[in-house]
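Taking it in order: structure first as structure tokens, then the write-up.
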Amino acid sequence: HSPGVQPADLEEVVKKGVKTMVIGRGMSEALQVPPSTLDYLKKNGIDVLVLQTEKAVEKYNALAAQGVKVGGVFHSTC
């Protein structure tokens, strides 16, 4: 769970041209998302939401239904 989600973990999704990234930290929010990862997304012009996984999935689905070009990575446990 540490160091957590790294910029390299997101490169493939970023290359798809997403405008918003939703990151699910797990059911108990144990997965870390370091500042370097947030900076990487912001430098690429991507809005980022870091949420508990159930909330992250709900938010991802809502954004996708609105037509937002959204990407997501979701930690399904912990």
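The values are calculated or read from the model by the stated rules, or taken from the named source; none is laboratory data. Source: prediction; values computed, not measured. Cβ atoms come from the backbone with ideal geometry, glycine included; neighbour counts cover every protein chain shown. These area figures cover heavy atoms from the full protein model, side chains too; ligands, DNA and RNA do not enter into them. Shrake-Rupley method; radii C 1.70, N 1.55, O 1.52, S 1.80 Å.
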For this session: Calculate the dipole size of the chain relative to its Cα centre from +1 charges on Lys and Arg beta carbons and -1 charges on Asp and Glu beta carbons; express the result in debye to the nearest 20.
Result: 260 debye
Exercise. So between Gln32 and Asp47, what do we pick up on full extension, going 0.36 nm a residue minus the alpha carbon distance?
Worked result: 3.6 nm
For this session: Over the chain, calculate the relative contact order: mean separation of alpha carbon pairs under 8 Å at least 6 apart, over the residue count, as a percent.
Result: 43 percent
Problem set entry | Under Karplus coefficients 6.51, -1.76 and 1.60, residue-wise ³J(HN,Hα) of region 20-25 in Hz, glycine/proline x | 9, 10, 10, 10, x, 8
Exercise. Once phi is turned into θ = phi - 60°, what whole-Hz ³J(HN,Hα) does the Karplus curve with 6.51, -1.76 and 1.60 give for every residue of region 41-55, x standing for Gly and Pro?
Worked result: 5, 4, 5, 8, x, 10, 6, 10, 10, 10, 9, 4, 4, 4, 5
For this session: Order Leu63, Leu51, Leu41, most accessible first, counting only protein heavy atoms with a 1.4 angstrom probe.
Result: Leu51, Leu63, Leu41
Exercise. Which shape class applies to the chain: rounded if a/c is under 1.5, otherwise prolate when a/b exceeds b/c and oblate if not, where a ≥ b ≥ c are the square roots of the Cα gyration tensor eigenvalues?
Worked result: oblate
